[in-house]
Amino acid sequence: MGHAPVPEGCGSDKDCKLDRVCEAGQCVWPQRPADVRDATRPLSWSSAGEALPPAGPPAQGMFRFDPRHRGRSSFLLPKQKPETVWTVETSAPVTSSPTVSSDGLVLVASHSGKLFAMSGEGKPAWTFIAADMIWSTPAIAADGTVYIGSDDDNLYALEGKTGKLFWKYRVGTCQQTVGIGPEATRCDVDAGPTIGPDGAVYTGGDGIYAINANGTLRWRFATGGHVSSAPALAADGTVYAGSQDNSIYAVSPDGKRQWEFRARDDVESSPAIEEDGTIYIGSDDNRLYALSPQGQMLWAFTTGDDVRASPAIGHDGTIYVGSYDGLLYAIRRDGTLLWVFRTGDRIHSSALIDASGAILVGSQDDRLYAIEPDGKLRWSIELGGDVDSSPILAGDGTIYVGSDDGKLYALHTK
Ligand SMILES: [Ca+2]
Ligand SMILES: [Ca+2]
Ligand SMILES: [Ca+2]
């Protein structure tokens, strides 16, 4: 690629958008996209050899498990610290969250630009290759279709059993689709995607998009900045998403503006919607916001740094969200603090709540933490790099999570 990065001053990694790092006073990607498309290194598959129990029902059909994004699993986290049963080497950081299909296929995508499907025992089934990095999480429709977005500005629809391309939809009209720089990243498809009840697919780019299951555009809602926040859908069909223009938008089911709430910095966090319609969402202004369905601020809870994770909502209404200050916060529905749990580095990963209220979250201190409902540590396990990926839990108790070491981990307690 001949495109030089646009200089953008920084003093530390925290000054850089997305997960870029500060090197010599400039924000750069930890891995250059040129390396991504030139990924000739072979994949290596490793397995500890143990056979897993048969896969249960789907652990998750999309990022944050359902269109309301509450992060609730109907399964139970292991009581004892699990072990690594198998890993898959994807050759680039895995920021994306894994997904398990109803057929028991485990899907994971990485900055390699590849989407991998494997059996519950970790054996490769198929691989799909996009033309640029993948940050988005695979979403699986009721008919088995798999949707995935890429920094190549396309949303892809794939046959779930084979990975064969059904269609692709080009998001936006950015003059440069791949590589680095503002024009190359403005139309990246790294939000969600989120599948609605009627099969429409919601994602972001240079705005918020609703795309029909046949690959045609339903509507596009223009925003003033890139949308990496995965849209969430309320029970009445209202679509909510944040944008790097500092705003949170409410869009009607037919694509019309309902309201806009202005935060004080980028909104990269994805919204979560409570039963009563309350919207919770974080911002780079360090705050977690609670907004009414009419767009009024109910409260704002201030953390010590950016809130880019998506909040999880427990069965009793407690909200759990990590911050780049390294703390996982449990916040009561009135906006007061219940407890904090300290990790050793920034938290980008969105938490999972299990059926009993226990919490699972990753940290850039390279650990995955299981936390009791009262905020005490149950167990933690060290992986090979930052755990920015949001973990999922299968019916047999297997945990799947990605790491910046390029691996997908399948963890299970013997
Ligand atoms: Ca792009
Ligand atoms: Ca901040
Ligand atoms: Ca780390």
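Couple of notes before you dig in:
- All-pairs Cα distance distribution in the chain, expressed in whole percent, bin size 10 Å: 5, 25, 36, 26, 7, 0
- Beyond 28 Å in Cα-Cα separation lie the following of the pairs 81/407; 161/407; 123/376: 123/376.
- Averaged over residues, the count of other Cβ atoms within 10 Å places the peptides 287-296, 139-148, 197-206 in the sequence 197-206, 139-148, 287-296, highest first.
- Taking amide H positions as modeled 1.01 Å from N, with prolines and chain starts lacking one, the residues under 5 Å from residue 205 and 5 or more places away or on another chain are 227.
- Peptides ranked, highest mean first, by Cβ atoms within 10 Å: ranges 210-223, 168-181: 168-181, 210-223
- Listed peptides 310-317, 387-394 by packing density, highest first (mean Cβ within 10 Å): 387-394, 310-317
- Taking label points 7 Å from Cα along the Cα-to-Cβ direction, residue 129 and residue 356 give a separation of 4.6 nm.
- By accessible area, using a 1.4 Å probe on protein heavy atoms only, region 165-213 has 52% of its surface on carbon and sulfur.
- Label positions at residue 103 and residue 339, each projected 7 Å from the Cα along the C-beta direction, are separated by 4.2 nm.
- Rounded to the nearest Hz, the phi-derived 3J(HN,Hα) couplings of region 361-375 under the Karplus curve 6.51 cos²θ - 1.76 cosθ + 1.60 (θ = phi - 60°) are 8, x, 9, 6, 7, 6, 10, 10, 10, 9, 10, 6, x, 8, x, where x marks glycine and proline.
- Couplings for region 157-165, taken from phi via the Karplus curve 6.51 cos²θ - 1.76 cosθ + 1.60 with θ = phi - 60°, read 10, 10, 6, x, 6, 10, x, 5, 6 Hz in order; Gly and Pro are left as x.
- Karplus-based coupling profile of region 252-267, in residue order and whole Hz: 6, x, 9, x, 9, 5, 9, 7, 9, 10, 9, 8, 9, 6, 3, 10, with θ = phi - 60° in 6.51 cos²θ - 1.76 cosθ + 1.60 and x standing for Gly or Pro.
- Loop GluC sites (Glu not before Pro), region 268-303 (other Cβ atoms within 10 Å of the site Cβ: 10 or fewer; DSSP): 275
- Extension reserve of the residue 80-residue 166 stretch, reckoned as 0.36 nm per residue once the Cα distance is removed: 26.7 nm
- Projected label points at residue 276 and residue 216, each 7 Å from Cα along the beta carbon direction, are separated by 4.1 nanometres.
- Taking amide H as placed 1.01 Å from N in the peptide plane, residue 66 has its amide H under 5 Å from the amide H of 71, each at least 5 places away in sequence or on another chain.
- Rolling a 1.4 angstrom probe over the protein heavy atoms with all chains in place gives the chain an accessible area of 36 Å² per residue.
The values are calculated or read from the model by the stated rules, or taken from the named source; none is laboratory data. Values in this document were obtained by computation on a predicted structure and should not be read as measured data. Here the Cβ is made from the backbone with ideal geometry for all residues, glycine too, and neighbour counts use every protein chain on show. Just the protein is used for accessible areas: all its heavy atoms, side chains included, with ligands, DNA and RNA removed. Shrake-Rupley method; radii C 1.70, N 1.55, O 1.52, S 1.80 Å.
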